[in-house]
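Structure, as structure tokens:
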């Protein structure tokens with residue numbers, strides 16, 4: 001009697017006949033990943049080089065398409081909507097799987113209502129479990145047992161290449177998390193370095209080397225690959241080459257050739273690019289993802305040990321084993337950020353009352369969702385070490401009644417089908433068909449769960465929730481190729497299981513209004529044209545303003561307009577760190593340090609004088625809110641940029657002393673800065689020039705009496721000194737690129753034009 005797995009073999013051959021591709025993604029992921037590139041450059045700027053970079057990647061697998069287009073978001077605007085839909089699908093699927101294999105006593109899902117003490121205990125138990133596994137591994141090795149991750153140097157090289165897509169996005173899960181948008185709560189940024197955003201930015205910039213290229217994690221991994229792969233002979237006799245740039249189309253087109261062909265790695269890597277893309281809507285999920293991803297893993301420790309044994313530089317893995325520690329490292333920082341975030345949520349919802357408790361619990365459920373997304377993705381990527389990988393205990397895996405019935409059917413069928421399929425090369429998920437038929441599988445509940453997951457993701461055989469549409473059921477029914485292999489009762493059991501796959505899907509379901517608003521705003525930002533630099537002759541006449549010779553003052557009548565620009569200008573460089581592969585330059589390092597300074601974290605080496613700043617750090621948002629507070633007047637403090645913009649607009653339309661022209665211009669220009677900031681590649685020079693102009697505004701605020709306290713003035717004075725030093729270094733880095741330099745000068749001039757409109761004595 002034929003087996004259900006035989007069905008998969010036969011139908012797979014049918015796929016070849018019809019020219020279809022075997023997919024492993026969910027219906028929504030596959031649908032949303034089929035997008036058409038949107039080109040944003042004007043016709044006159046098109047050339048053959050541009051068109052070559054914009055070739056479509058429709059022929060490569062779905063997650064590889066997303067990976068490429070998210071690396072080049074400015075040139076692929078139409079990916080935004082599908083990217084969001086894919087993220088929601090990944091969150092939903094991961095949570096369903098996690099609930100099924102719920103780990104008793106140690107899972108974040110077992111904590112129920114949010115309790116910071118209980119959460120810390122769960123995380124510490126997980127850390128101790130990894131350490132126990134590490135000690136067991138070391139004991140096995142001491143007894144003479146061989147390596148468990150890499151048997152040979154060649155295996156290590158293959159593994160390092162296979163992992164390149166995910167290692168090349170190291171830090172991307174936080175790439176946009178610190179972004180200042182129109183509705184981003186200022187409460188997340190208050191407190192300078194110790195704020196939620198300050199903590200997020202601290203982890204992100206450390207992932208990117210904290211301003212030092214040689215510490216950048218992507219740089220270190222690329223250096224590792226170069227040390228073991230460049231110029232060596234592959235098993236097939238040809239010279240292996242390093243993977244191309246991670247943001248290039250060639251990187252995904254040559255994935256198979258370069259042995260970067262693991263679909264789970266591509267899925268996990270793409271998820272890291274997706275998770276931080278919408279921080280105003282998915283901040284809890286981002287923080288949950290970060291909470292799970294940062295602790296030290298057994299795989300990291302074993303890879304460090306076994307690479308060193310093979311004579312391979314394991315600095316990349318040794319660095320992660322140190323900085324991700326649970327005491328003072330990224331793991332501890334991630335926990336502190338979650339606790340701080342939930343306190344902010346509580347306060348924003350009204351404090352300790354019922355509304356506050358409800359808001360915290362809702363945010364906590366979403367943090368859990370982000371956590372288990374990272375956990376489930378890691379489950380598909382991490383190599384098996386020893387007897388079981390982390391979190392794979394047999395007692396932790398649970399089957400529903402429908403699933404148990406399907407497993408029982410497959411168990412009986414496999415007894416007669418194992419040898420029949422021993423030569424089949426068909427894969428279900430990551431394994432060959434014959435591997436799924438192994439007797440060992442039926443003794444492992446964890447592997448049974450993995451089999452069901454792989455089957456459920458194998459379209460067109462199974463469409464979740466739609467057994468009538470599923471090809472597996474049609475092939476088992478009358479006129480199907482495998483009719484008679486299953487009894488009518490067995491077919492009905494499989495049908496019931498397929499239909500159950502869509503039940504109980506609990507994820508963040510977005511309303512049409514939420515969806516349309518979010519996607520429309522980002523589309524607009526990425527399409528907003530940047531100013532065009534003047535001819536090169538203009539560059540030669542460029543000069544910085546002499547602030548002492550200008551007649552400028554910040555009068556009460558201009559403060560609302562000034563505040564629109566003040567609260568918006570920290571956005572200028574924020575997206576320059578969103579793609580980790582593009583941060584392996586000194587320029588990106590200086591921008592890392594500028595962003596940390598603007599948030600309130602200043603290193604002594606970033607000052608002109610090298611002197612220490614004030615003991616308490618203040619970020620630009622903190623200082624802006626202090627200006628508002630000191631103005632008084634009984635007005636409600638702004639909670640986000642939109643509040644600031646509305647205040648300036650109301651002052652203008654209400655006939656206040658501020659001129660209509662200045663108010664509308666200030667808000668419009670502030671919004672334009674937000675939109676240019678969404679194009680850090682196309683507008684890099686412009687954004688740097690604008691940043692330099694606004695340092696001058698910061699200086700003027702620091703010397704204007706009454707706007708800030710003495711402590712605030714001192715903090716801003718040190719901030720200005722730091723940024724001047726770093727922006728001078730940035731200017732030095734772009735001197736050799738005439739186009740970027742011209743855009744820098746244009747940005748400086750445009751920024752100063754707005755400042756002068758507001759602050760000149762005759763305005």
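Condition test on residue 285, is it under 13 Å from residue 173 (Cβ atoms) and out of contact with any strand residue (DSSP E or B) (no Cβ under 9 Å at 6 or more places or on another chain)? Here the answer is yes, as residue 285 does meet what is asked. Within the option set 647, 587, being in the same structural domain as residue 703 (by TED's automatic domain parsing) and modelled with pLDDT of 90 or more holds for one residue only, 587.
Here the condition is being in a loop (DSSP other than H, G, I, E, B) and within 19 Å of residue 76 (Cα to Cα); of 271, 255, 245, it holds for 245 alone.
Out of curiosity, is residue 530 in contact with a helix residue (DSSP H, G or I) (Cβ under 6 Å, 6 or more places away or on another chain), within 30 Å of residue 728 (Cα to Cα), at pLDDT below 70 and part of a loop (DSSP other than H, G, I, E, B)?
yes
In a residue-by-residue description of segment 269-281, the property of being more than 18 Å from the chain's Cα centre (by Cα) and in contact (Cβ under 8 Å) with a residue 24 or more places away in the chain applies to no position. Residue 146 versus (1) closer than 30 Å to residue 363 by Cα; (2) free of Cβ contacts under 8 Å to residues at least 60 places away in the same chain; (3) assigned to a loop (DSSP other than H, G, I, E, B): which is the lone unmet condition? Checking residue 146 against (1) closer than 30 Å to residue 363 by Cα; (2) free of Cβ contacts under 8 Å to residues at least 60 places away in the same chain; (3) assigned to a loop (DSSP other than H, G, I, E, B), the one that fails is (1). Across segment 132-140, not a single residue is classified as assigned to a helix (DSSP H, G or I), in contact with a helix residue (DSSP H, G or I) (Cβ under 6 Å, 6 or more places away or on another chain) and under 30 Å from residue 637 (Cβ atoms).
The values are calculated or read from the model by the stated rules, or taken from the named source; none is laboratory data. Worth saying up front: this structure is predicted, and the values here are computed from it rather than measured. Every residue, glycine among them, receives a Cβ derived from its backbone with ideal geometry; neighbour counts consider all protein chains shown.
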